[in-house]
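Participant: I have a structure here, written as structure tokens, and I will follow up with some questions on it.
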Amino acid sequence: MQKKPIQEKSLSDIAFAKDVLLLESEAIKNLIDRLDHNFQKAIDLIFNCKGRVVVTGIGKAGIIGQKISATLASTGTPSYWIHSSEARHGDLGRIVAEDVVLALSNSGETEVVTLLPFVKQMGTKVIAITGNSKSSLAQHSDVVLDIGKIEEPCPLGLAPSASSTAMLALGDALALTIFKKRNLSKEDYAFYHPGGELGRKLLTVEMVMRKNEANPVASEDTPLLDVLGIMTETVGKPGAVSIVDKQNKLVGFFTDGDLRRHLGNGISFLHGSVKEVMTQSPRVINSRCLVAEAYKILKEHKIDQLPVVDDSNTPIGIIDVQDLLEVGF
């Protein structure tokens, strides 16, 4: 049972705040027993949606809807939010039959209801999150997620707080359950978070390495002067070349740093093959590894380039320290 709104004027500020948190936490806890076949139907509708999840609401419920939409989108479910009033003035044109509309309204009698005839005419499925299972919104939705009657901790029992908190938690439960159902990898998740600390931590080497025409490769018998030409002419001028044997397996690495070091002993080496001056058995990294691992190797060994190999030790790319600077390392 939910407690009554907090009305005791004698409560200290700290005691009042604690009661607010207690009531909001209870509102979330009470949702656990409310998850039933309707929640599963909502999961299935969204998971199998061929379009986008259109989230809508008014007031505090609308703000909560924006966060739910953002969470869906960031975890692999295409979604956007529209304002229920704006939808009546042209934004309805964004919705198509293949979409799923997720409508939030605690009372179930806000402006959200006025969208239903148009949405239903399109053939779009509607999922309602509401605190009133007998409301107009609930009666005309395909799936109803009922959060129940929740007493607000506001002294007047009016300001949405516990109810909006419950909506937010239920939206998280929806989004994250679908995220789990999609079985996305860390790499997939990183794709939706390319910026910021989170994106940097989850980027893989394959996402940022130089490859194809930007990945110079030469055989171990190639004359060094030809290798220098390859380094100069390669797109992006990585300043390094991966050296391979007859089976196309990596056996060495030659960089402009190697060139400078050898020049200290004269120039006669320039007329030999790259095999004579390359770094044999160089440090490498697999394309599936995180960029953070590549950064650690470059930093610890004070090197600027690192060959990227596949599982058969074939060079498929190069990581340059400049590449890591561009993604925020």
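Participant: If a residue counts only when it is touching a strand residue (DSSP E or B) at 6+ places or on another chain (Cβ under 8 Å), which helices (runs of 4 or more DSSP H) contained entirely in region 11-121 have at least 2 such residues?
Facilitator: The qualifying helices (runs of 4 or more DSSP H) are 37-47, 59-74, 84-87.
Participant: Need pairs with beta-carbon distance below 6 Å; first residue without any contact (Cβ under 8 Å) to a residue 40 or more places away in the chain and closer than 15 Å to Phe253 by Cα and within region 224-241, second assigned to a helix (DSSP H, G or I) and not small (Gly, Ala, Ser); sequence gap 6+ or separate chains.
Facilitator: Val241/Val227; Val241/Ile230; Val241/Met231
Participant: For the condition among the hydrophobic types (A, V, I, L, M, F, W, C) and within 20 Å of Thr165 (Cα to Cα), what is the one hit in Ala97, Ala70?
Facilitator: Ala70 is the lone residue from the list that is among the hydrophobic types (A, V, I, L, M, F, W, C) and within 20 Å of Thr165 (Cα to Cα).
Participant: If you take the residues of region 221-239 that are among the hydrophobic types (A, V, I, L, M, F, W, C) and either part of a strand (DSSP E or B) or under 19 Å from Gln305 (Cα atoms) (or both), which of them is nearest to the chain's Cα centre (by Cα)?
Facilitator: Checking each candidate, the answer is Val235.
Participant: Right, something else. Inside region 226-251, can you point out the residues that are surrounded by 13 or more Cβ atoms within 10 Å (Cβ to Cβ), of a type in the set (A, V, I, L, M, F, W, C) and more than 13 Å from Met278 (Cα to Cα)?
Facilitator: Ile230, Met231
Participant: Continuing with the same structure: Name the single residue, out of those in region 20-55 being closer than 28 Å to Glu152 by Cβ and of a type in the set (Asp, Glu), that is surrounded by the most Cβ atoms within 10 Å (Cβ to Cβ).
Facilitator: Residue satisfying both the conditions and the ranking: Glu24.
Participant: Out of (1) closer than 28 Å to Leu203 by Cβ; (2) modelled with pLDDT of 90 or more, the odd one out for Lys275 is which?
Facilitator: (1)
Participant: Also: I want to confirm something. Restricting to region 292-305 and keeping residues that are within 27 Å of the chain's Cα centre (by Cα) and under 21 Å from Pro216 (Cβ atoms), which single residue is surrounded by the most Cβ atoms within 10 Å (Cβ to Cβ)?
Facilitator: The residue in question is Ala294.
Participant: Does region 128-148 contain any residue that is in contact with a helix residue (DSSP H, G or I) (Cβ under 8 Å, 6 or more places away or on another chain), at pLDDT below 95 and buried (at least 23 other Cβ atoms within 10 Å of the Cβ)?
Facilitator: No, region 128-148 contains no residue that is in contact with a helix residue (DSSP H, G or I) (Cβ under 8 Å, 6 or more places away or on another chain), at pLDDT below 95 and buried (at least 23 other Cβ atoms within 10 Å of the Cβ).
Participant: Please determine whether any residue of region 76-85 is touching an Asp or Glu at 6+ places or on another chain (Cβ under 6 Å), closer than 25 Å to Asp44 by Cα and surrounded by 18 or more Cβ atoms within 10 Å (Cβ to Cβ). Explain how you work it out, then say what you get.
Facilitator: Of all residues in region 76-85, those touching an Asp or Glu at 6+ places or on another chain (Cβ under 6 Å) come to 82, 84-85.
Going one step further and asking which of them are closer than 25 Å to Asp44 by Cα, we end up with 82, 84.
Pick out the ones that are also surrounded by 18 or more Cβ atoms within 10 Å (Cβ to Cβ) and you get 82, 84.
Taking every residue of region 76-85 in turn, at least one turns out to be touching an Asp or Glu at 6+ places or on another chain (Cβ under 6 Å), closer than 25 Å to Asp44 by Cα and surrounded by 18 or more Cβ atoms within 10 Å (Cβ to Cβ).
Participant: Please report, ordered by residue number, the helices (runs of 4 or more DSSP H) entirely within region 240-328 with at least 2 residues that are farther than 30 Å from Ser185 by Cα and assigned by TED's automatic domain parsing to the domain that holds Val227.
Facilitator: 256-263
Participant: How many of the residues in region 100-116 are farther than 20 Å from His89 by Cβ and surrounded by fewer than 24 Cβ atoms within 10 Å (Cβ to Cβ)?
Facilitator: 2
Participant: Looking at Pro194, Pro216, Pro153, Pro160, which is the one that is outside the structural domain of Ile28 (by TED's automatic domain parsing), surrounded by 15 or more Cβ atoms within 10 Å (Cβ to Cβ) and either touching a helix residue (DSSP H, G or I) at 6+ places or on another chain (Cβ under 6 Å) or at pLDDT below 90 (or both)?
Facilitator: Within the list Pro194, Pro216, Pro153, Pro160, the selection yields Pro216.
Participant: Moving on. If only one of Ile82, Ile64 is in the same structural domain as Val113 (by TED's automatic domain parsing), within 16 Å of Ile147 (Cβ to Cβ) and of a type in the set (A, V, I, L, M, F, W, C), which one is it?
Facilitator: Exactly one residue qualifies, and that residue is Ile64.
The values are calculated or read from the model by the stated rules, or taken from the named source; none is laboratory data. In this text, all values refer to a predicted model and were calculated from it rather than measured experimentally. Quick reminder, even Gly has a Cβ in these numbers, built from the backbone with ideal geometry, and neighbours come from all protein chains shown.
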